[in-house]
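Enquirer: After the structure tokens below, expect a handful of questions from me.
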Amino acid sequence: MTASGSDATIHASAILVGGHAVLIRGPSASGKSRLAFDLILAGRAGIIAPTQLIGDDRVHLSAVDGALVVRPAKSLAGLLEVRGLGLRKMPFVPQGSVNQIVDLDAADATRLPAPAALEAALNGVKVPRIPVAKGVAALPLVIAALITSPATVS
């Protein structure tokens, strides 16, 4: 395993969906923890592949062998904030390879985004991206990205 780039800590949440991680970014109070919990519930309901928490609030990112790897912040491992209940303990996995980034309250979110808006580069690794406008429900967009593929129109 070869690491490259720096091990960055960011304010984000991450969920393992099937064998890959969804990284959820956004400003404070944008709904990162809520989306993470909604994805966990969707996985338990069988709507998407089985899900597990990787980390909430702060996660570490590193590039390893061309993949973007996310790990929980040690002090927050196994904790998820549920608004109205506070921090809750739950099972978690120690890391995942990111294959989807969700940017909440994204200024560049549009109804029909340009291809360039649907990709982000972190630590030198390009990853598919979902820009979500403020006030738009993120869960249906993320589920759609997980269970469908892009269409080409001729």
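Enquirer: Quick check: is even one residue across the stretch 77-98 under 19 Å from His20 (Cβ atoms), surrounded by 19 or more Cβ atoms within 10 Å (Cβ to Cβ), touching a His at 6+ places or on another chain (Cβ under 8 Å) and not aromatic (Phe, Trp, Tyr)?
Expert: Checked the stretch 77-98: at least one residue is under 19 Å from His20 (Cβ atoms), surrounded by 19 or more Cβ atoms within 10 Å (Cβ to Cβ), touching a His at 6+ places or on another chain (Cβ under 8 Å) and not aromatic (Phe, Trp, Tyr).
Enquirer: Still on this structure, please answer the following. Could we say that Ala21 is closer than 20 Å to Pro131 by Cα and part of a strand (DSSP E or B) here?
Expert: Yes: the conditions hold for Ala21.
Enquirer: While we're looking at this one, here's another question. Suppose the filter is in contact with a Pro (Cβ under 6 Å, 6 or more places away or on another chain), among the aliphatic types (A, V, I, L, M) and more than 15 Å from Val22 (Cβ to Cβ); does Ala137 pass it?
Expert: When the stated conditions are applied, Ala137 does not pass them.
Enquirer: Quick one: count up the residues across the stretch 105-137 that are touching a strand residue (DSSP E or B) at 6+ places or on another chain (Cβ under 7 Å) and under 18 Å from Ser33 (Cβ atoms).
Expert: Residues that pass the stated criteria total 3.
Enquirer: For the stretch 52-121, which strands (runs of 3 or more DSSP E) that fit wholly inside it have 2 or more residues that are without any contact (Cβ under 8 Å) to a residue 60 or more places away in the chain?
Expert: It comes to 58-64, 67-72, 79-82, 86-89.
Enquirer: Taking the condition modelled with pLDDT of 95 or more and farther than 26 Å from Ala120 by Cβ, does Arg88 pass?
Expert: So Arg88 passes the test.
The values are calculated or read from the model by the stated rules, or taken from the named source; none is laboratory data. Because the structure is a prediction, the values reported are computed rather than measured. Neighbour counts are summed over all protein chains in view; Cβ atoms, including those assigned to glycine, are modelled from backbone coordinates with ideal geometry.
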